[in-house]
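Written out below as structure tokens is the structure these notes cover.
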Amino acid sequence: MDTSKSDFDAHKLGEIAAVACFFALTCSVMATLFTHVSPATVLPVCVGGLLGFGAADFISGIVHWLADRYGSPQTPVIGATFITPFREHHEDPTDITRSDFFMTTGHTAMVVIPVLLSTYGLSLNAATGPVFMLHSTITAMCIFLFATNLFHRWAHLEEITPAIRWAQRLGLSLSKEHHAVHHAFPHDVRYCITTGLFNPLLDRIDFWSRMEALILRLTGIEPYRDPEQMAQPIAAP
């Protein structure tokens, strides 16, 4: 028996199952939200959706930055699954374009499903505006986090559909031009890869380098730097 093929099939089936579960759960959560929404709670729901949209972009930046700069491919649990793909992506940026839909989104689906499940702990029966806002925030955040690698993939495609280009121009999806800056040496800016919404602000205040300097000061842990970056000093906070 070819164990490598068996492992591949099991992994692929896991990705497909995770994506299917995510879509089923999202439909259920959205149906629950819209069934209970009222004119008085429309505004909190909309505000929550915008907060979730922004949160997804910021979280994508944190995850990307941590995977690029901390840990190693040998780190238990997350090393092979998250750190290795990000590190290898710098060496071959177009590799992500050769991944199918399930390979692109499967791992993210596995991560966000437990978060999306948390909305079932928020009863919307006679709920107040803040509860609706929190429900909407979690839902939108999970949807956009799920889509992050898909948006990232689109930013590396040579040819995209008019609909994708439209979404990129509106800032609803990461654009090729915006993301290309991250792939220029020394790869230490524009870490947010859902929409890139927070990148201008975070880069302007040197958020990432300041965080690295703070971590170094508090823990003594230095960020990973490829050979080309070794000659560059770590900026002071």
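Figures for the structure shown
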| read-out | value |
| --- | --- |
| Pairs with Cβ under 6 Å, 6+ apart, first in the range 118-143 and farther than 14 Å from residue 36 by Cβ, second surrounded by 15 or more Cβ atoms within 10 Å (Cβ to Cβ) and among the basic types (Lys, Arg) | none |
| Single residue of 221, 193 found to be among the β-branched types (Val, Ile, Thr) and either modelled with pLDDT under 95 or part of a helix (DSSP H, G or I) (or both) | 221 |
| Any chance residue 188 is assigned to a helix (DSSP H, G or I) and farther than 23 Å from residue 104 by Cβ | no |
| Sole residue being of a type in the set (Gly, Ala, Ser), in contact with a His (Cβ under 9 Å, 6 or more places away or on another chain) and over 25 Å from residue 19 (Cα atoms), chosen from 127, 155 | 127 |
| Identity of the residue in the range 78-102, at pLDDT 75 or above and in a loop (DSSP other than H, G, I, E, B), that ends up farthest from residue 12 (Cα to Cα) | 92 |
| All positions within the range 144-186 that are surrounded by fewer than 12 Cβ atoms within 10 Å (Cβ to Cβ), within 17 Å of residue 199 (Cα to Cα) and in contact with a helix residue (DSSP H, G or I) (Cβ under 9 Å, 6 or more places away or on another chain) | 177 |
| Filtered residues of the range 132-185 (kept if under 19 Å from the mean Cα position of the chain (by Cα), in a loop (DSSP other than H, G, I, E, B) and of a type in the set (Val, Ile, Thr)) | 181 |
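The values are calculated or read from the model by the stated rules, or taken from the named source; none is laboratory data. Not measured: the values here are computed from a predicted model. No Cβ is skipped: glycine too gets one built from the backbone with ideal geometry, and neighbour counts run over all protein chains shown.
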